[in-house]
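A.B. asks: Structure provided below as structure tokens; questions to follow.
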Amino acid sequence: MQVQELHDFIVDKIDDIKAQDIVTIDVRGKSSITDFMVICTGTSNRHVVSVADHVNKESKLIDFPPFGISGEKEGQWVIVDMGNVMLHIMQEDARELYQLEKLWS
């Protein structure tokens, strides 16, 4: 799957489950880990985990499962590693605290 296709797939799936404030940051040249970071907000611990779970299930259906998922126990900030695209699903408080958009922009 091409990077742009993967990005569009992830954004579509998180939009399906009502993630809020979706932002994409191009980190090519700034990070060797990934090309894009997609950041979104979940309204509760359960919502954050549900968004990650939805992306996990949908990506497995197209034979492109995540390399890893972390933070599901707490539900404050869940990271879904899709390789060229890293998905950060955060509750509003965590997103304001860490300000990834400012850090990587």
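A.B. asks: Would it be correct to say that Ile25 is open to solvent by 50 Å² or more (accessible area, probe 1.4 Å) and either among the small types (Gly, Ala, Ser) or under 17 Å from Val3 (Cβ atoms) (or both)?
C.D. replies: no
A.B. asks: Give the stretch 73-101 a look and list any residue that's over 9 Å from the mean Cα position of the chain (by Cα) and either closer than 11 Å to Val38 by Cα or of a type in the set (Gly, Ala, Ser) (or both), or say none.
C.D. replies: Gly75, Gly83, Asn84, Ala94, Leu100, Glu101 - these are the residues of the stretch 73-101 that are over 9 Å from the mean Cα position of the chain (by Cα) and either closer than 11 Å to Val38 by Cα or of a type in the set (Gly, Ala, Ser) (or both).
A.B. asks: Condition check: among the small types (Gly, Ala, Ser) and open to solvent by 60 Å² or more (accessible area, probe 1.4 Å). Does Ser32 satisfy that?
C.D. replies: Yes: the conditions hold for Ser32.
A.B. asks: Ok, one more. What pairs can you find where one residue is in the stretch 45-67 and farther than 14 Å from Gly83 by Cβ and free of Cβ contacts under 8 Å to residues at least 60 places away in the same chain, the other is open to solvent by less than 70 Å² (accessible area, probe 1.4 Å) and part of a helix (DSSP H, G or I), and their Cβ atoms are less than 7 Å apart, with a gap of 6+ or different chains?
C.D. replies: Listed pairs, sorted by first residue: Val51/Ile14; His54/Lys13; Glu58/Lys13.
A.B. asks: Go through the stretch 82-99 residue by residue and tally those that are surrounded by fewer than 19 Cβ atoms within 10 Å (Cβ to Cβ) and in contact (Cβ under 8 Å) with a residue 24 or more places away in the chain.
C.D. replies: Going through the stretch 82-99 one residue at a time, the tally reaches 3.
A.B. asks: Here is a follow-up. If you scan the stretch 36-72, which residues turn out to be under 24 Å from Met1 (Cβ atoms) and more than 13 Å from the chain's Cα centre (by Cα)?
C.D. replies: Lys57, Glu58, Lys60, Leu61, Ile62, Asp63, Phe64, Pro65
The values are calculated or read from the model by the stated rules, or taken from the named source; none is laboratory data. Keep in mind the model is a prediction, meaning the values are calculated, not measured. No Cβ is skipped: glycine too gets one built from the backbone with ideal geometry, and neighbour counts run over all protein chains shown. Just the protein is used for accessible areas: all its heavy atoms, side chains included, with ligands, DNA and RNA removed. Shrake-Rupley method; radii C 1.70, N 1.55, O 1.52, S 1.80 Å.
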